[in-house]
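Following: one structure in C-alpha coordinates, then a few remarks.
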Amino acid sequence: MVRLEHLNKTFQDNEVLKDVNLSIPRGENAVIIGQSGIGKSVLIKCMVRLLEPDAGLIEILGEEVTRLEEEKLNALRKKIGFLFQGNALYDSMSVRENLEFPLVRNNMAGTKKDLEHKVLEALDNVGLRKTIDMMPSELSGGMKKRIGLARTLILKPEIILYDEPTTGLDPITSKEISNLIISLQQQYHTTSIIITHDISCVEITANKIHVLKDGILYASGRYEEMKQSNDPWIYNFFN
(Lines give C-alpha, C1' and ligand atoms only; values in the text may rest on other atoms or scores of the structure.)
Protein backbone atom coordinates (compact mmCIF):
# COMPACT_ATOMS: atom_id res chain seq x y z
CA MET A 1 0.00 0.00 0.00
CA VAL A 2 2.85 2.39 0.84
CA ARG A 3 6.48 2.25 -0.30
CA LEU A 4 9.16 4.83 0.42
CA GLU A 5 12.66 4.58 -0.96
CA HIS A 6 15.60 6.88 -0.18
CA LEU A 7 13.32 9.70 0.99
CA ASN A 8 15.09 12.92 1.92
CA LYS A 9 13.86 16.27 3.21
CA THR A 10 15.97 19.23 4.37
CA PHE A 11 14.90 22.59 5.77
CA GLN A 12 17.78 25.03 5.29
CA ASP A 13 20.70 23.24 7.02
CA ASN A 14 18.50 20.81 8.97
CA GLU A 15 18.36 17.31 7.44
CA VAL A 16 15.01 16.14 8.78
CA LEU A 17 14.70 12.92 6.74
CA LYS A 18 17.80 11.07 5.59
CA ASP A 19 17.44 8.18 3.14
CA VAL A 20 14.23 6.81 4.70
CA ASN A 21 13.02 3.45 3.36
CA LEU A 22 9.67 2.04 4.47
CA SER A 23 7.13 -0.50 3.20
CA ILE A 24 3.64 -0.95 4.66
CA PRO A 25 1.38 -3.82 3.55
CA ARG A 26 -2.40 -3.68 3.14
CA GLY A 27 -4.42 -3.72 6.36
CA GLU A 28 -1.51 -2.95 8.70
CA ASN A 29 -1.38 -0.30 11.41
CA ALA A 30 2.16 1.07 11.14
CA VAL A 31 3.16 3.32 14.01
CA ILE A 32 6.02 5.78 13.59
CA ILE A 33 7.57 6.99 16.82
CA GLY A 34 10.41 9.26 17.81
CA GLN A 35 11.17 12.29 19.91
CA SER A 36 9.27 15.54 19.34
CA GLY A 37 10.50 17.55 16.37
CA ILE A 38 12.33 14.60 14.82
CA GLY A 39 10.37 14.65 11.53
CA LYS A 40 7.46 12.26 12.02
CA SER A 41 4.83 14.70 10.79
CA VAL A 42 7.12 15.83 7.97
CA LEU A 43 7.25 12.22 6.79
CA ILE A 44 3.49 11.82 6.36
CA LYS A 45 3.09 15.30 4.89
CA CYS A 46 5.64 14.33 2.23
CA MET A 47 3.59 11.21 1.49
CA VAL A 48 0.62 13.29 0.34
CA ARG A 49 2.78 16.15 -0.95
CA LEU A 50 1.64 18.72 1.54
CA LEU A 51 5.43 19.05 1.63
CA GLU A 52 7.64 18.35 -1.38
CA PRO A 53 10.47 15.87 -0.66
CA ASP A 54 13.95 16.76 -1.88
CA ALA A 55 14.61 13.28 -3.22
CA GLY A 56 13.31 9.73 -3.13
CA LEU A 57 10.40 7.60 -4.26
CA ILE A 58 6.94 7.71 -2.69
CA GLU A 59 4.53 5.07 -3.97
CA ILE A 60 0.99 4.88 -2.59
CA LEU A 61 -1.67 2.50 -3.92
CA GLY A 62 0.64 1.80 -6.87
CA GLU A 63 0.97 5.47 -7.81
CA GLU A 64 4.32 7.28 -7.79
CA VAL A 65 3.21 10.35 -5.84
CA THR A 66 6.06 12.69 -6.76
CA ARG A 67 5.32 12.32 -10.47
CA LEU A 68 1.57 12.91 -10.34
CA GLU A 69 0.08 16.01 -11.88
CA GLU A 70 -2.40 17.97 -9.76
CA GLU A 71 -5.58 16.29 -11.06
CA LYS A 72 -4.29 12.76 -10.47
CA LEU A 73 -2.74 13.75 -7.14
CA ASN A 74 -6.08 15.09 -5.91
CA ALA A 75 -7.79 11.87 -7.08
CA LEU A 76 -5.29 9.85 -5.03
CA ARG A 77 -5.76 12.09 -2.00
CA LYS A 78 -9.46 11.19 -1.96
CA LYS A 79 -8.36 7.64 -1.11
CA ILE A 80 -6.19 8.86 1.78
CA GLY A 81 -7.69 10.11 5.02
CA PHE A 82 -5.64 12.54 7.12
CA LEU A 83 -6.49 13.12 10.79
CA PHE A 84 -4.67 16.32 11.67
CA GLN A 85 -3.20 16.85 15.12
CA GLY A 86 -5.47 19.83 15.74
CA ASN A 87 -8.57 18.11 14.25
CA ALA A 88 -8.99 20.99 11.74
CA LEU A 89 -12.74 21.35 12.27
CA TYR A 90 -14.37 24.49 10.88
CA ASP A 91 -15.45 26.53 13.91
CA SER A 92 -18.22 28.31 12.01
CA MET A 93 -19.82 25.04 10.85
CA SER A 94 -21.91 22.59 12.85
CA VAL A 95 -20.82 18.97 13.14
CA ARG A 96 -23.28 18.09 10.36
CA GLU A 97 -21.82 20.77 8.06
CA ASN A 98 -18.25 19.74 8.89
CA LEU A 99 -19.02 16.18 7.78
CA GLU A 100 -21.01 17.23 4.72
CA PHE A 101 -18.22 19.52 3.49
CA PRO A 102 -15.77 16.88 2.13
CA LEU A 103 -18.62 14.98 0.45
CA VAL A 104 -19.97 18.08 -1.29
CA ARG A 105 -16.51 19.31 -2.24
CA ASN A 106 -15.61 15.96 -3.81
CA ASN A 107 -18.97 15.55 -5.57
CA MET A 108 -19.83 12.52 -3.44
CA ALA A 109 -22.91 13.88 -1.66
CA GLY A 110 -25.58 12.18 -3.78
CA THR A 111 -29.18 12.95 -2.88
CA LYS A 112 -30.16 14.76 0.32
CA LYS A 113 -31.17 11.40 1.77
CA ASP A 114 -27.80 9.86 0.77
CA LEU A 115 -25.96 12.76 2.38
CA GLU A 116 -27.90 12.40 5.63
CA HIS A 117 -27.21 8.64 5.69
CA LYS A 118 -23.46 9.13 5.15
CA VAL A 119 -23.22 11.74 7.89
CA LEU A 120 -25.15 9.60 10.39
CA GLU A 121 -23.12 6.51 9.50
CA ALA A 122 -19.87 8.40 10.11
CA LEU A 123 -21.14 9.68 13.45
CA ASP A 124 -22.32 6.21 14.46
CA ASN A 125 -18.83 4.89 13.71
CA VAL A 126 -17.41 7.16 16.40
CA GLY A 127 -20.40 6.96 18.76
CA LEU A 128 -21.46 10.60 18.48
CA ARG A 129 -24.74 10.74 16.53
CA LYS A 130 -26.19 13.04 19.22
CA THR A 131 -23.68 15.79 18.36
CA ILE A 132 -24.88 16.23 14.76
CA ASP A 133 -26.22 19.76 15.24
CA MET A 134 -23.68 20.93 17.81
CA MET A 135 -20.90 23.43 17.13
CA PRO A 136 -17.22 22.55 17.64
CA SER A 137 -17.05 25.01 20.55
CA GLU A 138 -19.59 22.83 22.40
CA LEU A 139 -17.46 19.68 22.12
CA SER A 140 -14.80 18.33 24.49
CA GLY A 141 -11.29 17.61 23.22
CA GLY A 142 -12.03 13.90 22.88
CA MET A 143 -15.29 14.59 21.05
CA LYS A 144 -13.52 16.92 18.61
CA LYS A 145 -10.98 14.17 17.93
CA ARG A 146 -13.80 11.70 17.22
CA ILE A 147 -15.59 14.14 14.91
CA GLY A 148 -12.31 14.77 13.10
CA LEU A 149 -11.99 11.02 12.65
CA ALA A 150 -15.60 10.76 11.45
CA ARG A 151 -14.89 13.42 8.82
CA THR A 152 -11.76 11.52 7.77
CA LEU A 153 -13.76 8.29 7.41
CA ILE A 154 -16.69 9.73 5.52
CA LEU A 155 -14.89 9.48 2.16
CA LYS A 156 -14.15 5.77 2.88
CA PRO A 157 -10.36 6.10 2.47
CA GLU A 158 -8.16 3.09 1.86
CA ILE A 159 -5.32 4.60 3.90
CA ILE A 160 -5.57 6.78 7.00
CA LEU A 161 -2.75 8.98 8.28
CA TYR A 162 -3.06 9.83 11.97
CA ASP A 163 -0.93 12.73 13.23
CA GLU A 164 -0.66 12.47 17.03
CA PRO A 165 -4.25 11.19 17.51
CA THR A 166 -4.09 11.25 21.33
CA THR A 167 -2.13 14.46 21.97
CA GLY A 168 -3.73 16.69 24.59
CA LEU A 169 -6.20 14.04 25.77
CA ASP A 170 -6.51 12.60 29.25
CA PRO A 171 -5.42 8.94 29.68
CA ILE A 172 -8.96 7.52 29.60
CA THR A 173 -9.96 9.43 26.44
CA SER A 174 -6.60 8.61 24.87
CA LYS A 175 -7.26 4.90 25.40
CA GLU A 176 -10.77 5.27 23.93
CA ILE A 177 -9.37 6.91 20.77
CA SER A 178 -6.68 4.22 20.46
CA ASN A 179 -9.29 1.46 20.76
CA LEU A 180 -11.46 3.27 18.22
CA ILE A 181 -8.56 3.23 15.73
CA ILE A 182 -8.34 -0.56 16.13
CA SER A 183 -12.12 -0.97 15.80
CA LEU A 184 -12.20 1.04 12.56
CA GLN A 185 -9.24 -0.88 11.16
CA GLN A 186 -11.11 -4.15 11.75
CA GLN A 187 -14.39 -2.79 10.38
CA TYR A 188 -13.04 -1.16 7.21
CA HIS A 189 -9.76 -3.07 6.68
CA THR A 190 -7.92 0.22 6.36
CA THR A 191 -4.16 0.60 6.20
CA SER A 192 -3.01 3.18 8.73
CA ILE A 193 0.10 5.17 9.54
CA ILE A 194 0.00 6.53 13.08
CA ILE A 195 2.42 9.22 14.21
CA THR A 196 2.69 9.34 17.98
CA HIS A 197 4.95 9.53 21.02
CA ASP A 198 2.20 8.13 23.28
CA ILE A 199 3.46 4.68 24.27
CA SER A 200 -0.01 3.60 25.43
CA CYS A 201 -1.37 4.41 21.96
CA VAL A 202 1.55 2.52 20.40
CA GLU A 203 0.86 -0.59 22.48
CA ILE A 204 -2.85 -0.63 21.61
CA THR A 205 -2.73 0.25 17.91
CA ALA A 206 0.55 -0.97 16.43
CA ASN A 207 0.87 -4.01 14.22
CA LYS A 208 4.43 -2.85 13.54
CA ILE A 209 6.51 0.00 14.95
CA HIS A 210 9.07 2.09 13.07
CA VAL A 211 11.48 4.26 15.06
CA LEU A 212 12.65 7.53 13.55
CA LYS A 213 15.88 8.84 15.08
CA ASP A 214 18.16 11.59 13.80
CA GLY A 215 16.37 11.59 10.46
CA ILE A 216 16.83 7.89 9.73
CA LEU A 217 14.58 4.88 10.17
CA TYR A 218 16.50 3.54 13.14
CA ALA A 219 14.62 0.32 13.89
CA SER A 220 11.42 -1.60 13.13
CA GLY A 221 9.60 -4.36 14.97
CA ARG A 222 6.63 -5.51 17.02
CA TYR A 223 5.80 -3.91 20.37
CA GLU A 224 7.21 -6.72 22.52
CA GLU A 225 10.40 -6.79 20.44
CA MET A 226 10.87 -3.08 21.02
CA LYS A 227 10.09 -3.31 24.73
CA GLN A 228 12.70 -6.06 25.17
CA SER A 229 15.32 -4.52 22.85
CA ASN A 230 18.99 -4.66 23.81
CA ASP A 231 19.47 -1.19 22.31
CA PRO A 232 19.55 1.21 25.32
CA TRP A 233 17.91 4.07 23.38
CA ILE A 234 14.97 1.91 22.25
CA TYR A 235 14.66 0.16 25.63
CA ASN A 236 14.48 3.50 27.45
CA PHE A 237 11.86 4.77 25.01
CA PHE A 238 9.54 1.84 25.80
CA ASN A 239 10.24 1.36 29.48
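The values are calculated or read from the model by the stated rules, or taken from the named source; none is laboratory data. What you are looking at is a predicted structure, and each value in this text was computed from that prediction instead of being measured. Methodologically, a virtual Cβ is constructed for each residue, glycine included, from the backbone with ideal geometry; neighbour enumeration extends over all protein chains shown.
Quick test for you: out of S200, S137, pick the one residue that is of a type outside the set (D, E, K, R), surrounded by fewer than 18 Cβ atoms within 10 Å (Cβ to Cβ), in contact with a Lys or Arg (Cβ under 7 Å, 6 or more places away or on another chain) and touching a residue at least 24 places away in the same chain (Cβ under 8 Å). Matching residue, one of S200, S137: S200.
Considering the conditions (1) assigned to a helix (DSSP H, G or I); (2) surrounded by fewer than 17 Cβ atoms within 10 Å (Cβ to Cβ), L43 is excluded by exactly one of them, (2).
Check every one of the helices (runs of 4 or more DSSP H) wholly within segment 91-188 and list those with 2 or more residues that are closer than 30 Å to G34 by Cα and either under 17 Å from the mean Cα position of the chain (by Cα) or not assigned by TED's automatic domain parsing to the domain that holds N29 (or both).
Details: elements: 95-105, 112-125, 141-153, 171-188.
Here the list reads 141-153, 171-188.
R49 - would you say it is in contact with a helix residue (DSSP H, G or I) (Cβ under 7 Å, 6 or more places away or on another chain), under 30 Å from G168 (Cα atoms) and either surrounded by 16 or more Cβ atoms within 10 Å (Cβ to Cβ) or in contact (Cβ under 8 Å) with a residue 40 or more places away in the chain (or both)? Here the answer is yes, as R49 does meet what is asked. Within segment 92-111, residues that are in contact (Cβ under 8 Å) with a residue 40 or more places away in the chain sit with their Cβ atoms under 6 Å from residues that are part of a loop (DSSP other than H, G, I, E, B) and aromatic (F, W, Y), at 6+ positions apart or across chains, in these pairs: N98/Y90.
Yes or no: I24 within 25 Å of Q187 (Cβ to Cβ), β-branched (V, I, T) and touching a residue at least 60 places away in the same chain (Cβ under 8 Å)? Judged against the criteria, I24 is a match.
Taking every residue in segment 168-184 that is farther than 21 Å from L123 by Cβ and pairing it with any residue that is in a helix (DSSP H, G or I), at least 6 positions away or on another chain, the pairs with Cβ-Cβ distances below 6 Å are G168/G141. Would you pick out the residues in segment 162-176 that are surrounded by fewer than 23 Cβ atoms within 10 Å (Cβ to Cβ) and either in contact with a His (Cβ under 9 Å, 6 or more places away or on another chain) or not hydroxyl-bearing (S, T, Y) (or both)? Selection gives D163, E164, T167, G168, L169, D170, P171, I172, K175, E176.
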